[in-house]
1. So the check is Cβ under 7 Å with 6+ separation or different chains; which pairs have a first residue in segment 78-107 that's basic (Lys, Arg) and exposed (fewer than 13 other Cβ atoms within 10 Å of the Cβ) and a second one that's at pLDDT 95 or above and part of a helix (DSSP H, G or I)?
2. Take segment 52-97 and flag every residue that is of a type in the set (A, V, I, L, M), more than 14 Å from THR36 (Cβ to Cβ) and in contact with a Leu (Cβ under 8 Å, 6 or more places away or on another chain).
3. With within 30 Å of THR22 (Cβ to Cβ) and more than 17 Å from the chain's Cα centre (by Cα) as the only criterion, which of LEU61, LEU75 stands out?
4. Residues being free of Cβ contacts under 8 Å to residues at least 40 places away in the same chain and charged (D, E, K, R): count how many of those fall in segment 1-53.
5. For segment 26-47, does any single residue satisfy the condition of being in contact with a Leu (Cβ under 8 Å, 6 or more places away or on another chain) and under 27 Å from LYS129 (Cα atoms)?
Amino acid sequence: MPENPQLSYVKEQIVREIGLYTERKKFNRKAAFGFTVIPATLAATATVSIGASEKLENSWLAIIAMIATGIASILGAWETLFANRKLWRVNNFALTSLYELQSDIAYREAAADCPISQDETDSYFDRLKEIRRDGEVGYNKAVSTD
């Protein structure tokens with residue numbers, strides 16, 4: 001029996017969305033890590049440079065400390081603006097929902113003697129739209145400055 005073209009469309013869209021959310025997750029995970037580690041490293045560098053400049057009477061170390069502190073402050077503000085850690089969580093939630101939908105369809109397809117009905121296909125499509133909508137709402141909440 002040929003597969004329902006609408007079900008094929010839903011399955012293709014799930015794969016597409018999983019790819020998009022996976023790339024976003026990877027980017028936001030890297031950015032969240034960078035925006036956490038780099039400012040902490042710069043702050044530690046500034047602290048050591050200030051202490052060393054006093055002990056060694058070297059003005060260059062104090063300048064390095066000021067530059068490191070300034071960059072760390074900018075990166076902290078940037079992380080707050082782009083909210084990569086929150087976006088990483090939003091992407092993980094969406095991916096989990098997409099994988100669940102994909103699994104539900106595969107499980108249902110395993111019942112070879114009972115093809116998936118149009119109502120079930122419509123329900124899967126509605127769930128896909130809901131996951132997309134929830135992802136967009138989560139994104140907007142994460143980057144909202146309100």
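1. Here the result reads none, with nothing in segment 78-107 linked to a residue that is at pLDDT 95 or above and part of a helix (DSSP H, G or I).
2. Selection gives ALA52, ALA68, ILE71.
3. Result: LEU75 is the single residue among LEU61, LEU75 that is within 30 Å of THR22 (Cβ to Cβ) and more than 17 Å from the chain's Cα centre (by Cα).
4. Of the residues in that region, 6 qualify.
5. Yes: one or more hits.
The values are calculated or read from the model by the stated rules, or taken from the named source; none is laboratory data. If you're wondering where the values come from, they're calculated on a predicted model, not measured in any experiment. Positions of Cβ are backbone-derived with ideal geometry, glycine not excepted, and every protein chain shown enters the neighbour counts.
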